[in-house]
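Worksheet: one structure, shown below.
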Amino acid sequence: VSLAMPRGATAQVDPLATASAVPETALFYAAVNLDRDSEQWSVAGDLIERAGLSEAVEQALADAEFGPAEQSILDTLFGGEAALVLSRFPETGELNTEDAADTISDPGAIAEGEIPEGFSVLLATADPDATYDIVVNLLEDAAEEAGAELETSEYEGVEIISRPADDEFTTGLAVARAGDYVVFATIPTDIEPIVDTINGDTAPLADEENFARLRGDLNQEFLTLGFINGPAIIEGVEATS
């Protein structure tokens, strides 16, 4: 759908900018290129047209009925990069990888904060201030509509605004502006490893030896790039029930 969205000129961020804000111990990292002016997006658009799917995409766009608020945040995403990160296993012990896969493949889901517990989403955009303001406004509007109260906390000098889950059947949402990034998570503690990395207290994934070697072996241009820390995942599984 986003391939067909009308757009103006977009400012870009450096490829894999999010890897500098992710701890080197992260269990899982997936970055998504949201620069619609890049060659990769052009090729994807050409393939959709050659496959005869253009009309289906246009219909999906019409059916989506994006409002002004949703369109504003989506516009701030493009030209930048999004990343889905699993820094540690959820405290509940339940890891919903299907929801995680759905999230990272859908910029709309990222924009709306649909994030499974344990994961966090980083946004690297050309205008992080505007992105953060839009996200907070959406969070405030949703809380007001539901009659819920927002909570504010601080971690290592970073303010985190959160809305706890309404009940056992819903999930909460936390958001923070850390450095040049906007970070989402279901609960505030899932944002903390990102803050530690941005503050320099934890080494970043961008400098990790295996990640650097992987990045060097792959095409330097990408739509999506993923990295799985297998040994750390096995260790984490063995340490739980």
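The values are calculated or read from the model by the stated rules, or taken from the named source; none is laboratory data. None of the values given here were measured: they were computed from a predicted structure. Cβ sites come from the backbone with ideal geometry, for glycine too, and all protein chains shown count toward neighbours. We work out accessible area using only protein heavy atoms, side chains counted, and drop any ligands, DNA or RNA first. Shrake-Rupley method; radii C 1.70, N 1.55, O 1.52, S 1.80 Å.
So how compact is region 184-228: Cα radius of gyration and Dmax in angstrom?
For region 184-228, the Cα-based Rg and Dmax read 13.2, 35 Å.
Ignoring ligands and nucleic acids, what accessible area does residue 119 show with a 1.4 Å probe (Å², nearest 10)?
10 Å²
Starting from 0 in steps of 10 Å, tell me what percent of the Cα-Cα pairs of region 111-233 lands in each bin.
Computed distribution, short to long bins: 12, 38, 33, 14, 3, 0.
What number comes out for accessible area per residue over region 178-241 if the probe is 1.4 Å? Units Å², please. Provide the component values of the computation, followed by the final result.
Numbers: 3490 Å² over 64 residues.
That works out to 55 Å² for each residue.
Measuring from label point to label point, each 7 Å out along Cα→Cβ, what is the residue 53 to residue 130 span in nm?
Between residue 53 and residue 130, the label points sit 2.9 nm apart.
Please compute the modelled spin-label separation between residue 148 and residue 233, points set 7 Å along Cα→Cβ, answer in nm with one decimal.
3.0 nm
Roll a 1.4 angstrom probe over the protein heavy atoms and tell me the percent of accessible area of region 168-241 that is carbon or sulfur. Please list the in-between numbers first.
Details: 2100 of 4100 Å².
Taking all protein chains in place, region 168-241 shows 51 percent carbon and sulfur surface.
What are the GluC sites (Glu not before Pro) within region 163-241 that DSSP puts in a loop, where the Cβ has at most 10 other Cβ atoms within 10 Å? All intermediate terms of the calculation are to be shown ahead of the outcome.
On the way: sites: 168, 208, 209, 221, 235, 238; in loops: 168, 208, 221.
Those satisfying the criteria are 168.
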